[in-house]
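The values are calculated or read from the model by the stated rules, or taken from the named source; none is laboratory data. Just so it is clear, the structure is predicted and the values come from calculations on it, not from any experiment. Positions of Cβ are generated from backbone atoms using ideal geometry, with glycine treated the same way; all protein chains shown enter the neighbour counts. Areas reflect the complete protein model, heavy atoms only, side chains present, ligands, DNA and RNA absent. Shrake-Rupley method; radii C 1.70, N 1.55, O 1.52, S 1.80 Å.
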Amino acid sequence: NAGVIQTPRHKVTGKGQEATLWCEPISGHSAVFWYRQTIVQGLEFLTYFRNQAPIDDSGMPKERFSAQMPNQSHSTLKIQSTQPQDSAVYLCASSLVGRGTGQLYFGEGSKLTVL
Amino acid sequence: GQQVQQSPASLVLQEGENAELQCNFSSTATQLQWFYQSPGGSLVSLLSNPSGTKHTGRLTSTTVTKERRSSLHISSSQTTDSGTYLCAISSNTNKVVFGTGTRLQVLP
(Lines give C-alpha, C1' and ligand atoms only; values in the text may rest on other atoms or scores of the structure.)
Protein backbone atom coordinates (compact mmCIF):
# COMPACT_ATOMS: atom_id res chain seq x y z
CA ASN A 1 0.00 0.00 0.00
CA ALA A 2 1.68 3.18 -1.20
CA GLY A 3 -0.36 5.52 0.95
CA VAL A 4 -1.80 8.80 -0.26
CA ILE A 5 0.33 10.20 -3.07
CA GLN A 6 0.53 13.91 -3.76
CA THR A 7 2.27 15.62 -6.64
CA PRO A 8 4.14 17.82 -7.06
CA ARG A 9 5.89 17.95 -3.69
CA HIS A 10 6.99 21.50 -4.35
CA LYS A 11 5.68 24.09 -6.77
CA VAL A 12 6.76 27.65 -7.29
CA THR A 13 4.55 29.95 -9.32
CA GLY A 14 4.52 33.61 -10.18
CA LYS A 15 1.67 35.80 -9.04
CA GLY A 16 -1.29 35.41 -11.37
CA GLN A 17 -0.32 32.01 -12.70
CA GLU A 18 -2.34 28.83 -12.29
CA ALA A 19 -1.38 25.92 -10.05
CA THR A 20 -2.79 22.42 -10.16
CA LEU A 21 -2.14 19.91 -7.42
CA TRP A 22 -2.83 16.19 -7.67
CA CYS A 23 -3.80 13.61 -5.13
CA GLU A 24 -4.05 9.85 -5.45
CA PRO A 25 -5.95 8.40 -2.48
CA ILE A 26 -5.36 4.99 -1.01
CA SER A 27 -7.01 2.38 -3.20
CA GLY A 28 -10.47 1.53 -1.93
CA HIS A 29 -10.88 4.65 0.17
CA SER A 30 -14.20 6.35 -0.47
CA ALA A 31 -13.51 9.75 1.05
CA VAL A 32 -10.95 12.34 -0.04
CA PHE A 33 -10.17 15.53 1.82
CA TRP A 34 -8.12 18.61 0.98
CA TYR A 35 -6.55 20.79 3.66
CA ARG A 36 -4.26 23.79 3.63
CA GLN A 37 -1.63 24.34 6.28
CA THR A 38 0.18 27.54 7.14
CA ILE A 39 2.06 28.60 10.23
CA VAL A 40 -0.41 31.39 10.91
CA GLN A 41 -3.72 29.58 10.25
CA GLY A 42 -2.73 26.02 11.03
CA LEU A 43 -4.71 23.30 9.27
CA GLU A 44 -7.70 24.58 7.36
CA PHE A 45 -10.33 22.35 5.80
CA LEU A 46 -10.93 23.10 2.13
CA THR A 47 -13.16 20.45 0.62
CA TYR A 48 -14.28 16.84 0.82
CA PHE A 49 -15.42 14.19 -1.67
CA ARG A 50 -17.23 10.97 -0.96
CA ASN A 51 -17.45 8.36 -3.72
CA GLN A 52 -16.15 11.07 -6.10
CA ALA A 53 -19.06 13.41 -5.35
CA PRO A 54 -18.35 16.80 -3.75
CA ILE A 55 -19.94 16.82 -0.29
CA ASP A 56 -18.61 19.88 1.47
CA ASP A 57 -16.59 22.69 -0.06
CA SER A 58 -17.27 25.21 2.68
CA GLY A 59 -13.57 25.87 3.20
CA MET A 60 -12.79 26.67 -0.40
CA PRO A 61 -12.15 30.29 -1.37
CA LYS A 62 -14.89 30.60 -3.94
CA GLU A 63 -13.39 32.71 -6.63
CA ARG A 64 -10.09 31.10 -7.57
CA PHE A 65 -10.10 27.63 -6.04
CA SER A 66 -11.73 24.56 -7.51
CA ALA A 67 -11.45 20.85 -6.82
CA GLN A 68 -12.49 17.84 -8.81
CA MET A 69 -12.47 14.11 -8.49
CA PRO A 70 -12.98 12.73 -11.99
CA ASN A 71 -12.38 9.13 -10.94
CA GLN A 72 -11.82 7.16 -7.76
CA SER A 73 -8.06 7.17 -8.19
CA HIS A 74 -7.33 10.86 -8.22
CA SER A 75 -8.43 14.31 -7.20
CA THR A 76 -7.15 17.70 -8.29
CA LEU A 77 -7.05 21.09 -6.62
CA LYS A 78 -6.70 24.00 -9.01
CA ILE A 79 -5.86 27.53 -8.00
CA GLN A 80 -6.29 30.19 -10.66
CA SER A 81 -4.54 33.52 -10.62
CA THR A 82 -2.40 32.54 -7.64
CA GLN A 83 -1.63 35.15 -5.01
CA PRO A 84 1.18 35.24 -2.43
CA GLN A 85 -1.33 34.50 0.34
CA ASP A 86 -2.05 31.16 -1.35
CA SER A 87 1.42 30.02 -0.37
CA ALA A 88 0.95 27.02 1.92
CA VAL A 89 1.29 23.29 2.16
CA TYR A 90 -1.73 21.66 0.60
CA LEU A 91 -2.53 18.31 2.15
CA CYS A 92 -4.71 15.56 0.78
CA ALA A 93 -6.14 12.81 2.96
CA SER A 94 -8.31 9.79 2.36
CA SER A 95 -10.36 7.53 4.56
CA LEU A 96 -12.03 4.21 4.07
CA VAL A 97 -15.42 5.18 5.37
CA GLY A 98 -17.07 8.47 4.54
CA ARG A 99 -19.30 8.68 7.57
CA GLY A 100 -17.25 10.53 10.14
CA THR A 101 -15.87 7.34 11.53
CA GLY A 102 -13.03 6.67 9.17
CA GLN A 103 -9.40 7.08 10.12
CA LEU A 104 -7.66 9.73 8.03
CA TYR A 105 -4.46 9.04 6.14
CA PHE A 106 -2.51 12.01 4.85
CA GLY A 107 -0.17 12.44 1.93
CA GLU A 108 3.12 14.25 2.34
CA GLY A 109 1.67 17.46 0.97
CA SER A 110 2.36 19.84 -1.87
CA LYS A 111 4.20 22.97 -0.86
CA LEU A 112 3.06 25.89 -3.00
CA THR A 113 5.11 29.05 -3.08
CA VAL A 114 3.69 32.04 -4.92
CA LEU A 115 6.27 34.71 -5.63
CA GLY B 1 -19.26 24.62 14.12
CA GLN B 2 -16.96 22.23 15.88
CA GLN B 3 -14.19 23.87 17.88
CA VAL B 4 -11.11 21.97 18.99
CA GLN B 5 -8.83 23.32 21.69
CA GLN B 6 -5.50 21.79 22.57
CA SER B 7 -3.32 22.41 25.57
CA PRO B 8 -0.65 23.16 26.34
CA ALA B 9 0.35 25.06 23.23
CA SER B 10 3.94 24.05 23.82
CA LEU B 11 5.80 21.76 26.14
CA VAL B 12 9.48 21.23 26.87
CA LEU B 13 10.62 18.06 28.58
CA GLN B 14 13.82 16.32 29.49
CA GLU B 15 14.28 12.96 27.85
CA GLY B 16 12.66 10.27 29.95
CA GLU B 17 9.91 12.47 31.34
CA ASN B 18 6.24 11.84 30.58
CA ALA B 19 3.99 14.17 28.62
CA GLU B 20 0.26 14.75 28.94
CA LEU B 21 -1.51 16.49 26.07
CA GLN B 22 -5.12 17.61 26.20
CA CYS B 23 -7.82 18.03 23.57
CA ASN B 24 -11.23 19.56 24.24
CA PHE B 25 -13.97 19.80 21.66
CA SER B 26 -17.24 21.66 21.52
CA SER B 27 -19.65 19.21 19.86
CA THR B 28 -20.29 15.49 19.74
CA ALA B 29 -17.59 13.62 17.90
CA THR B 30 -17.91 10.33 16.07
CA GLN B 31 -14.19 10.06 15.43
CA LEU B 32 -11.14 11.41 17.17
CA GLN B 33 -7.61 10.98 15.97
CA TRP B 34 -4.25 12.04 17.30
CA PHE B 35 -1.64 12.94 14.71
CA TYR B 36 2.07 13.64 14.87
CA GLN B 37 3.85 16.06 12.57
CA SER B 38 7.59 16.43 12.54
CA PRO B 39 8.99 19.86 11.61
CA GLY B 40 8.36 20.26 7.89
CA GLY B 41 6.93 16.75 7.72
CA SER B 42 3.62 15.18 6.93
CA LEU B 43 0.90 14.16 9.36
CA VAL B 44 1.17 10.66 10.74
CA SER B 45 -1.78 9.08 12.48
CA LEU B 46 -0.89 7.91 15.98
CA LEU B 47 -4.16 6.73 17.43
CA SER B 48 -7.79 6.64 16.50
CA ASN B 49 -9.79 6.83 19.70
CA PRO B 50 -13.37 8.13 19.67
CA SER B 51 -14.02 6.72 23.15
CA GLY B 52 -12.34 4.86 25.94
CA THR B 53 -8.66 4.14 26.32
CA LYS B 54 -6.21 2.92 23.71
CA HIS B 55 -2.54 2.06 23.92
CA THR B 56 0.14 1.78 21.33
CA GLY B 57 3.76 1.56 22.35
CA ARG B 58 4.53 4.44 24.68
CA LEU B 59 1.30 6.24 23.80
CA THR B 60 -1.97 6.07 25.70
CA SER B 61 -5.08 7.98 24.67
CA THR B 62 -8.13 8.37 26.87
CA THR B 63 -11.30 9.90 25.46
CA VAL B 64 -14.28 10.77 27.63
CA THR B 65 -16.94 11.34 25.02
CA LYS B 66 -19.64 12.89 27.19
CA GLU B 67 -17.14 15.33 28.64
CA ARG B 68 -15.83 16.13 25.15
CA ARG B 69 -12.21 15.68 25.99
CA SER B 70 -9.33 13.45 25.11
CA SER B 71 -5.79 13.13 26.36
CA LEU B 72 -2.61 11.72 24.91
CA HIS B 73 -0.01 10.44 27.34
CA ILE B 74 3.54 9.89 26.13
CA SER B 75 5.62 7.89 28.53
CA SER B 76 9.42 7.97 28.77
CA SER B 77 9.75 10.68 26.15
CA GLN B 78 12.59 10.56 23.62
CA THR B 79 14.19 13.32 21.58
CA THR B 80 12.63 11.79 18.48
CA ASP B 81 9.19 12.51 19.94
CA SER B 82 9.78 16.22 19.34
CA GLY B 83 7.27 17.74 16.96
CA THR B 84 3.67 18.86 16.87
CA TYR B 85 0.79 16.73 18.11
CA LEU B 86 -2.60 17.44 16.60
CA CYS B 87 -6.04 16.35 17.69
CA ALA B 88 -8.66 15.93 14.95
CA ILE B 89 -12.38 15.54 15.41
CA SER B 90 -15.07 14.54 13.00
CA SER B 91 -18.81 14.32 13.45
CA ASN B 92 -21.67 13.00 11.39
CA THR B 93 -21.05 15.72 8.85
CA ASN B 94 -17.71 14.05 8.20
CA LYS B 95 -15.88 17.36 8.20
CA VAL B 96 -12.68 16.83 10.14
CA VAL B 97 -11.62 19.74 12.31
CA PHE B 98 -8.11 20.04 13.72
CA GLY B 99 -6.88 21.68 16.86
CA THR B 100 -3.96 24.10 16.73
CA GLY B 101 -1.64 21.48 18.16
CA THR B 102 0.82 21.05 20.98
CA ARG B 103 4.45 21.63 20.09
CA LEU B 104 6.61 19.22 22.06
CA GLN B 105 10.34 19.58 22.49
CA VAL B 106 12.24 16.81 24.22
CA LEU B 107 15.72 17.77 25.30
CA PRO B 108 18.56 15.25 25.60
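Computed quantities for the displayed model
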read-out: Table column - 3J(HN,Hα) (Hz), region A:108-115, Karplus curve with 6.51, -1.76, 1.60, x for Gly and Pro; value: 7, x, 10, 8, 9, 10, 10, 8
read-out: A:LYS111 accessible area, assembled protein chains, probe 1.4 Å, Å²; value: 100
read-out: Taking N as its residue count, the alpha carbon Rg of region A:5-114 over 2.2 N^0.38 Å; value: 0.99
read-out: B:THR100 accessible area, assembled protein chains, probe 1.4 Å, Å²; value: 120
read-out: Cβ-derived FRET efficiency at R0 25 Å, A:VAL97 paired with B:SER7, nearest 0.05; value: 0.25
read-out: Fraction of accessible area attributable to carbon and sulfur, the protein assembly as shown (%, probe 1.4 Å); value: 48
read-out: By accessible area with a 1.4 Å probe, ligands and nucleic acids excluded, highest first: order of A:ARG36, B:ARG103, A:ARG9; value: B:ARG103, A:ARG9, A:ARG36
read-out: Estimated vicinal HN-Hα couplings, Hz - region B:45-59 in sequence order (Karplus 6.51, -1.76, 1.60; Gly, Pro = x); value: 6, 9, 8, 10, 8, x, 6, x, 10, 10, 10, 8, x, 8, 9
read-out: DSSP-assigned coil residues among GluC sites (Glu not before Pro) in region B:8-64, each with at most 15 further Cβ atoms within 10 Å; value: B:GLU15, B:GLU17
read-out: Isotropically averaged projected area of region B:1-65, using the convex hull of Cα atoms (one quarter of hull area), nm²; value: 5.4
read-out: Under 11 Å from the A:GLN41 label point (7 Å along Cα→beta-carbon), backbone N, region A:71-115; value: A:85-90
read-out: Residues whose placed amide H lies under 5 Å from that of A:VAL97, excluding near-sequence neighbours; value: A:SER30, A:GLY102, A:GLN103
read-out: Label zone at B:GLN14, where the point sits 7 Å out along the Cα-to-Cβ direction: region B:76-108 residues whose backbone N lies under 15 Å; value: B:76-79, B:106-108
read-out: Cβ-defined net charge surrounding B:ARG58, 15 Å radius [Lys, Arg +1; Asp, Glu -1]; value: -3
read-out: Threshold 50 Å² - residues in region B:69-108 whose accessible area is reduced by that much or more when the chain is no longer isolated, probe 1.4 Å; value: B:ASN94, B:LYS95, B:VAL96, B:PHE98
read-out: Buried area at the A-B interface (accessible, heavy atoms, 1.4 Å probe, summed, Å²); value: 1500
read-out: Residue-level accessible surface for A:ILE5, protein heavy atoms, 1.4 Å, Å²; value: 70
read-out: Solvent-accessible surface ranking, highest first, for B:THR63, B:THR53 at 1.4 angstrom; value: B:THR53, B:THR63
read-out: Label point 7 Å beyond Cα of A:SER81 along Cβ direction - residues of region A:30-70 with amide nitrogen under 16 Å; value: A:61-66
read-out: Region B:4-107 shape via C-alpha gyration tensor axes, a/c threshold 1.5; value: prolate
read-out: Residue-span extension gain [A:LEU115 to A:ASP57] - 0.36 nm each, minus C-alpha spacing; value: 18.2 nm
read-out: Karplus-derived 3J(HN,Hα), 6.51/-1.76/1.60, for each residue of region B:61-72, Hz, glycine and proline x; value: 10, 10, 10, 10, 4, 6, 9, 6, 8, 9, 10, 10
